[in-house]
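What follows is a single structure, written as structure tokens, with notes after it.
The values are calculated or read from the model by the stated rules, or taken from the named source; none is laboratory data. Everything numeric in this text was worked out from a predicted model, so none of it was measured. Neighbour counts are summed over all protein chains in view; Cβ atoms, including those assigned to glycine, are modelled from backbone coordinates with ideal geometry.
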Amino acid sequence: MLIIPTTKEVMDDFLLKKITEKEILDRTPHGVKYDSIYLCSALVLPEYRGKGLAKQMVTDAIQSIMNQHSIKSLFVWSFSIEGKKLANAVAKEFNLPLFEKPV
């Protein structure tokens, strides 16, 4: 699982295709309060899929980040139905808007 806390400005630039996925890391400032989280990836071995493991790991990580940062939105660039479902479930869990970059 990889999630990246960042700023709304970085999120907006990524969603508008002004920056690449790699540039999310490069453009994320250090030592500031983050307000957005990029749901980058979650990989689960086939024999463990459908058990809620990825959702639990992602929600635990987001909750940990939210203990220090006021997160107001999530964003994703999903390539699978499962990834899209996970992102939507996590957004619903936290009652946060989810923004998606078109594939």
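Values for this structure:
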quantity: Subset of segment 13-61 [outside any loop (DSSP other than H, G, I, E, B) and under 17 Å from Lys85 (Cβ atoms)]; calculated: Leu39, Cys40, Ser41, Pro46, Tyr48, Leu53, Ala54, Lys55, Gln56, Met57, Val58, Thr59
quantity: Of the criteria (1) of a type in the set (A, V, I, L, M); (2) in contact with a helix residue (DSSP H, G or I) (Cβ under 7 Å, 6 or more places away or on another chain); (3) under 19 Å from Thr20 (Cβ atoms); (4) surrounded by fewer than 18 Cβ atoms within 10 Å (Cβ to Cβ), which one Val103 fails; calculated: (2)
quantity: Subset of segment 72-83 [at pLDDT 95 or above and more than 11 Å from the chain's Cα centre (by Cα)]; calculated: Lys72
quantity: Given (1) out of contact with any Pro (no Cβ under 8 Å at 6 or more places or on another chain); (2) outside any helix (DSSP H, G or I); (3) touching a residue at least 60 places away in the same chain (Cβ under 8 Å), index of the condition Ile71 fails; calculated: (1)
quantity: Sole residue being in contact with a strand residue (DSSP E or B) (Cβ under 7 Å, 6 or more places away or on another chain), surrounded by 17 or more Cβ atoms within 10 Å (Cβ to Cβ) and at pLDDT 95 or above, chosen from Ile65, Ile24; calculated: Ile24
quantity: Hits in segment 21-35 (condition: more than 14 Å from Lys101 (Cα to Cα) and either in contact with a His (Cβ under 7 Å, 6 or more places away or on another chain) or not β-branched (Val, Ile, Thr) (or both)); calculated: Lys22, Glu23, Leu25, Asp26, Arg27, Pro29, His30, Gly31, Lys33, Tyr34, Asp35
